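Read the structure below first, then the notes.
Only the coordinates and a few stated rules stand behind these numbers; no lab work does. As the structure is a computational prediction, the values presented were derived from the model and not from experiment. Here the Cβ positions follow ideal geometry from the backbone for every residue, glycine too, while neighbour counts run over all protein chains shown.
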Amino acid sequence: MTVTEERTGTPEIGNRRLRKEDQRLITGRTRWTDNIILPGMLHAAMVRSPHAHAMVTGIDTEAARKAPGVVAVVTGADVKDGQGAVANAWPITADQKAPAHLPIVLDHVACAGEIVAVVVARTAAQARDAAELVDVDYDELPAVLDAKEAVDDAVLAHPDLGTNKSALWRLDSADQGSGGDVDEEIDKARAEGIVIEREIRQQRLIPSFMEPRSTVVDPTGEQITVWTSTQVPHILRFLIAATTGIPESKVRVIAPDVGGGFGGKLQTTAEEFATLAVARLVGKPVKYTETRSESLVSGHHGRDQYQKLTLAATKDGTVTALKVDLIANLGAYVGLVGGGVPVLGAWMYNAIYKFRAYRFTVQTVLTNTTWVDAYRGAGRPEATFAIERLMDDLAAEVGVDPLQIREQNWIRNDEFPFTSVAGMTYDSGNYEVATARAVELFDYEGLRREQSERRERKDPVQLGIGVSTFTEMCGLAPSRVLGALNYGAGGWEHASVRMLATGKVEVITGTSPHGQGHETAWSQIAADRLGVPFEDIEVLHGDTQIAPRGLDTYGSRSLVVGGEAVVRAADKVVEKAKVVAAHLLEASADDLEFSNGRFTVRGTDNGIGITEIATAQFTSHNLPAGFEPGIDADATFDPDDFSFPHGTHLCAVEVDTETGQTTMRKYVCVDDVGQIINPLIVEGQVHGGLLQGIAQALWEEAVFDDQGTLVTGSFVDYTLPTAADTISFVTENTTSPSTTNTLGTKGVGEAGSIASTPAVVNAVVDALRPLGVTDVQMPCTPKRVWKAIQSAGSVSDAATIDSAQPHFDPGAPNQDAPDTGTSTNGAGQ
Amino acid sequence: MIPASFDYLAPTSVADALSALAEAGDDVEVLAGGQSLLPILRMRLNAPDKVIDLGRIKELQGVSEDGDHVVIGAMTTYADVLASDLVRQHAGLLTDAIAEVADPQIRHRGTVGGALVHADPAGDVGAPALALDTEFVITGSGGERTVAAGDFFQDLFETAVGEGELLTAIRIPKHTGWGHRYEKFVRVSHQWSIVAVAATVRVDGGTIAEARIGLTNMGSTPLRATAVEQALVGKAATDEAVRDACAAAADGTNPPSDLNGDSDYRKHLATVLTRRAVLAAAGG
């Protein structure tokens, strides 16, 4: 028997553990999907449509079939409905229109990048070469790209549907009894208070995970095994069964190590289903790994909304009503939760403020653009941005400090639990403490002083200070709530704890980490609960055969829901072990105490370790009469309610008024994410999230030209920031334990990206308010900022130009020009 | 991102490279670091039959001194130029500009000659080369010829290097004691210049005695702001004097309009950046 280390008794929860998974993840010496090589494995390359909207009138595959190494060239006609479908799991209304989304199109192309044919060859290079030889004839159709234009139905993204409008969804506080009548309050404010009306453009973003998506399908065993770079192996397994007719028991999905997702891998993809289809057709293992260019155009995008907002307040700045009208661009198809993303924001526009009346309406529309779905925050960043921008504008209107207007309107600490005007019950929070600490760390007064000095001396470089006091809802999700919203699955999470004979422990989780550090954090939780050393715990995940029950990782749910399942499974282990301990110690179970991994008879030194009991149940030589050998346990946790983390973010930005360049000077955030399991992981989550949110404010925007071609189709033009573009953030935490789980945890995965965007834009606008600027459209590029200064507030002439500078010779031979002909070679990349 | 197949040749001397080039016919690309060519090939924007890699030709690498000139072999990497004391001392403007090129990985692979022949107007070495009156040594089967900076850049991606020829070295007249500054304007650090200004000036007793100014990405080639250069001569190195002289920096330019800015915005930036570059170069 292996001797296990003794526990020291220092709690693991709260310990700044280095992540145990980092060495293999950072060095790349691990099982990324693309690293998997199977005997006899073939390679797939996709032939993609360069057109945004077209009918495929002919596909000539003859030359490709004859190319060296080619095993098969598969078109939609070869697989038809048997290829399964890319499904929508959340019809937000009963009459939602969602066009069928086939992985390989049959004849109708609804966005650029759709798969028209798949080439399977012995090597990846042969597959790519042959893909160039597939000759596709297209009849181009007019494309609708912009969400506002889509509403008019003048050009249809899917002519068969007869409309671009997918669903109209509404939440009204008067209807549901959680507040008053919005129109009444707005009328009142128009007569005797303040009404602020704004339209905000949430630009389209591209979730740019580090590891491009990759899938390997092995159809040769009794079960089909699918390795894939996904956040949702369990959902994929279910949907493969549900849409292809393959029995669920014949499908095993494995998400090995996955290099980031940010919601971008919260999807079942055309590429996964196409690879599955061709592997089944040829009867051999097939790998497909996308290029970055393919990823940018064919992985789902995020955001892309128009937000029309009306905020009503009394003269002194006390908010009364908020009306939100959204148009959300879903792209060409309704993704897994695509229609639901704006709806997830519905409960968050009122944020931490005590509105009396609220109405949220979203019209989702289909267009001939890449489909849009969850991206870090999913609905909540859009909501938070809108309200935090409005609160700054309200402060300016009333003539008070933006922090003061917030304090005047927020939920006081003594008012928790608080039921919001949208009908959500906020579990806990302390906005006063977080804000006070942030103000102190930021040197708010000092920077305000510097700001007024720069204003006085008309410094060409002005200073702006931006505030964002955000909250979000985490812990997707109580299954009853999802049921009420017509979501196609539950929101529970599952865990198993296996006590091995050698004293080691396996924790199996149904969550599916892709960079979050679950292996470390779950080990910390189980170590404390079971009293075994951190090092003795192995966390297993992401394989439907090892972790058969699970609902995967997204929406800041893993710790709050999945972590709680680990707690409950571990507690069951302790309960089972206690029976054996009482037997072996010849004591009554009631007289036993459990602490630091040992059961002791109260008041004596007589005791036994839980790992010794694991060994005892393995040998089963001496167990209580009738005791079924084994102390392993499973638990499924379905939360009763959400948790509501919050934080105060303060940002100082220098704006060079001569060029429009923005330079971040200082960023401070104090987040309350409830009980912290590992402070180092929390810092990492916050840092990464901040930069992603700042990137929406300053740098990133997916741009299509008027043909529907993605102009920002590489990282040359999709300007993703790097470490060189950012500053050191100051992050701290306050703690109001959640009351919706026993650990007291809230979510932290999306906090940074939700909170930071408005803090940055508020800072940019704050710097320029004396110059008459009241808004700058995102991303606040130097050009937009400069033009806003020139036109003192009007930004109408600062639209993004939809062409990129060619850095490579445009006249080079063999270059496809997608928009000049109706017949092209297939690569489209 | 797999290129179409091609034949790969790696000569070890200029003579071998020239004969390989002569034999290769039309459909050939010269690999000189590959930081632009490889993306082109991988994205299949080009699919040449042959690629001739100059990376193993030692005689094309290195920085040396030749009387009044600093000589840089065409295959010297950005990183090696950046580390060169000779360049820093006598052509500091080039050092400044190269420090702003992309990121360390690219600077360790990319070469100065490769970038100059690629002739992307948004690239960072063209404008300082122009401002420093660099001479371009071009070698073909008939031997060497030298082209003046003003004649080297001919159009977008087009230079004086003809078919069957190679750029083998650049010769930079020493600007010892001149002040210098490369003002690069980007949104994210690893980007091509939206606009950049290369300025080097000789200050004598608080007055600008001579000035050389090159503009990056203000047209289809790197440009020389000669009117500003002339206007600066004899001016005090003060904000006001320089501001006036630099007001015309964008006159006669025709910069592109794209995602990062329109033509008018670039013209505005050029005047602001020229003033800042000149003032910094003059130590003001």
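Compute the FRET efficiency between A:Lys80 and A:Ala191 as 1/(1 + (r/R0)^6), taking r as their Cβ-Cβ distance and R0 = 60 Å, and round to the nearest 0.05.
Working: r = 62 Å, r/R0 = 1.04.
Once rounded, the FRET efficiency stands at 0.45.
Check cross-link reach from A:Lys572 to the lysines: straight Cα distance under 27 Å, and skip same-chain residues fewer than eight apart.
Qualifying lysines at Cα under 27 Å: A:Lys20, A:Lys504, A:Lys746.
Per Stokes-Einstein, at 20 °C and 1.002 mPa s, what whole-number D in µm² s⁻¹ belongs to segment B:182-281, with the Kirkwood radius over Cα pairs as the hydrodynamic radius? Walk me through the numbers before you get to the answer.
Values: Rh = 13.4 Å.
In µm²/s, the coefficient rounds to 160.
Kindly identify chain A as rounded, prolate or oblate by the Cα gyration tensor criterion: order the square roots of the eigenvalues as a ≥ b ≥ c, call it rounded if a/c is under 1.5, otherwise compare a/b with b/c, prolate if a/b is larger, else oblate. Can you show the working numbers first?
Values: a/c = 1.82, a/b = 1.09, b/c = 1.67.
Verdict is oblate for chain A.
Simple spin-label model, 7 Å along Cα-to-Cβ: A:Ala242 to A:Asp95 in nm?
Placing both labels 7 Å beyond Cα along the Cβ direction yields 2.4 nm.
Per residue of A:122-128, what is the mean number of Cβ atoms on other protein chains within 10 angstrom of that residue's Cβ? The partial results should precede the final answer.
Values: counts 0, 1, 1, 4, 2, 1, 5.
Per residue, the average neighbour count from other chains is 2.
For peptide B:251-261, what's the mean number of Cβ atoms from other chains within 10 Å of each residue's Cβ? Walk me through the numbers before you get to the answer.
Values: counts 0, 0, 0, 0, 0, 5, 3, 9, 16, 9, 9.
For peptide B:251-261, the averaged partner shielding equals 5.
For segment A:427-494 and segment A:700-772, what is the separation of their C-alpha centers, rounded to whole Å?
Result: 11 Å between the Cα centres.
For a footprinting-style exposure proxy, rank A:Ser803, B:Ser5, A:Ser496 by other Cβ within 10 Å, fewest first.
Details: A:Ser803 16, B:Ser5 11, A:Ser496 23.
Fewest to most other Cβ atoms nearby, the residues stand as B:Ser5, A:Ser803, A:Ser496.
Stokes-Einstein at 10 °C, 1.306 mPa s, Kirkwood radius from Cα pairs: D for segment B:62-172 in µm² s⁻¹? Please report the intermediate quantities before stating the final value.
On the way: Rh = 13.8 Å.
Roughly 115 µm²/s, to the nearest whole number.
Taking a virtual spin label 7 Å from the Cα of A:Ala174 along the C-beta vector, which residues in segment A:359-378 bring their backbone nitrogen under 12 Å of it?
Counting backbone N atoms under 12 Å from the label point, the list is A:359.
Please say if segment B:7-53 is rounded, prolate or oblate, where rounded means a/c under 1.5 for a ≥ b ≥ c the square roots of the C-alpha gyration tensor eigenvalues, and otherwise the choice is prolate for a/b larger than b/c and oblate otherwise?
Numbers: a/c = 2.93, a/b = 1.60, b/c = 1.83.
It comes out oblate by the Cα gyration axes.
Using the membrane-span-like helix rule (whole DSSP H runs, Cα extent along the own axis of at least 20 Å, mean Kyte-Doolittle hydropathy at least -0.5), which helices of chain A qualify? Numbers along the way, then the final one.
On the way: long enough: A:380-398 (27 Å, -0.03); A:564-585 (30 Å, 0.62); A:679-698 (28 Å, 0.79); A:751-768 (27 Å, 1.27).
Helix filter hits for chain A: A:380-398, A:564-585, A:679-698, A:751-768.
In segment A:121-155, which residues have a backbone nitrogen under 14 Å from the label point lying 7 Å from A:Glu62's Cα in the Cα-to-Cβ direction?
Inside the label zone: A:134-136.
Run the simple label-point estimate for B:Leu38 and A:Arg448 please: 7 Å along Cα→C-beta, distance reported in nm.
Going by the 7 Å Cα→Cβ label model, 5.3 nm.
Please check which bits of segment A:53-85 a label hung off A:Lys250 would reach, taking the label as a point 7 Å along Cα-to-C-beta and the cut-off as backbone N under 20 Å.
So the set is A:78-85.
For the pair B:Thr207/B:Glu144, report the inter-label distance in nm, with labels modelled 7 Å from Cα in the Cβ direction.
Between B:Thr207 and B:Glu144, the simple spin-label model gives 3.9 nm.
At 0.36 nm per residue, minus the direct Cα-Cα distance, what do A:Asp181 and A:Glu432 gain on full extension? Give it in nm, one decimal, please. Can you show the working numbers first?
Numbers: separation 251, 0.36 × 251 = 90.36 nm, distance 2.94 nm.
Full extension from A:Asp181 to A:Glu432 adds 87.4 nm.
If you keep only loop residues by DSSP, which trypsin sites (Lys or Arg not before Pro) in segment A:388-475 have at most 13 other Cβ atoms within 10 Å of their Cβ?
Numbers: sites: A:Arg389, A:Arg406, A:Arg412, A:Arg437, A:Arg448, A:Arg449, A:Arg454, A:Arg455, A:Arg457, A:Lys458; in loops: A:Arg412, A:Arg457, A:Lys458.
For trypsin sites (Lys or Arg not before Pro) across segment A:388-475 that sit outside H, G, I, E and B with at most 13 neighbouring Cβ atoms in 10 Å, the list reads A:Arg412, A:Arg457, A:Lys458.
Assign one of three labels to chain B, namely rounded, prolate or oblate, based on the Cα gyration tensor with a ≥ b ≥ c the square roots of its eigenvalues; rounded applies when a/c is under 1.5, prolate when it is not and a/b is larger than b/c, and oblate otherwise.
On the way: a/c = 2.16, a/b = 1.58, b/c = 1.37.
Prolate.
For B:Leu86 and B:Gln154, what does the FRET efficiency come to when R0 = 30 Å and r is the distance between their Cβ atoms, rounded to the nearest 0.05? Please list the in-between numbers first.
On the way: r = 29 Å, r/R0 = 0.97.
Here the calculated transfer efficiency is 0.55.
Normalising by the residue count of chain B, find the relative contact order in percent from Cα pairs under 8 Å and 6+ residues apart.
Details: 659 pairs, mean separation 43.3, N = 284.
With pairs under 8 Å counted, the relative contact order is 15 percent.
Quote the FRET efficiency, to the nearest 0.05, computed for A:Leu680 versus A:Leu720 with a Förster distance R0 of 25 Å and r equal to the Cβ-Cβ distance.
Efficiency for this residue pair is about 0.55.
Putting +1 on Lys and Arg Cβ atoms and -1 on Asp and Glu Cβ atoms, find which of B:Leu273, B:Phe153, B:Ser64 reaches farthest to the positive end of the dipole of chain B.
Positive-most Cα among the choices belongs to B:Leu273.
Quote the charge dipole size of the protein assembly as shown about the Cα centre in Debye, to the nearest 20; the model charges only the Cβ of Lys and Arg (+1) and of Asp and Glu (-1). Provide the component values of the computation, followed by the final result.
Details: 93 positive and 149 negative charges, 239 e Å.
The dipole of the protein assembly as shown has a size of about 1140 debye.
Evaluate the relative contact order of segment B:182-281 (contact order divided by residue number), counting alpha-carbon pairs under 8 angstrom at least 6 apart; express in whole percent.
Numbers: 189 pairs, mean separation 28.3, N = 100.
Averaging sequence separation for qualifying contacts and normalising by length gives 28 percent for segment B:182-281.
Can you list the trypsin sites (Lys or Arg not before Pro) in segment A:208-293 that are in a DSSP coil and have 13 or fewer other beta carbons within 10 angstrom?
Details: sites: A:Arg213, A:Arg237, A:Lys250, A:Arg252, A:Lys265, A:Arg280, A:Lys287, A:Arg292; in loops: A:Arg213, A:Lys265.
Sites meeting the loop and neighbour criteria: none at all.
In straight Cα distance, which aspartates and glutamates are under 13 Å from A:Lys188, not counting same-chain residues fewer than 8 positions off?
Candidates past the 8-residue exclusion: nothing left.
Sorted from fewest to most neighbouring beta carbons within 10 Å, what does the list A:Cys111, A:Cys474 look like? Present the calculation step by step, with values, prior to reporting the outcome.
On the way: A:Cys111 26, A:Cys474 29.
Ranking A:Cys111, A:Cys474 by Cβ neighbours within 10 Å, fewest first, gives A:Cys111, A:Cys474.
Across the residues of B:185-196, average count of Cβ atoms on other protein chains within 10 Å? Mind showing how you got there, number by number?
Working: counts 4, 4, 11, 11, 6, 8, 6, 3, 0, 5, 1, 0.
Mean partner-chain Cβ count within 10 Å for B:185-196: 5.
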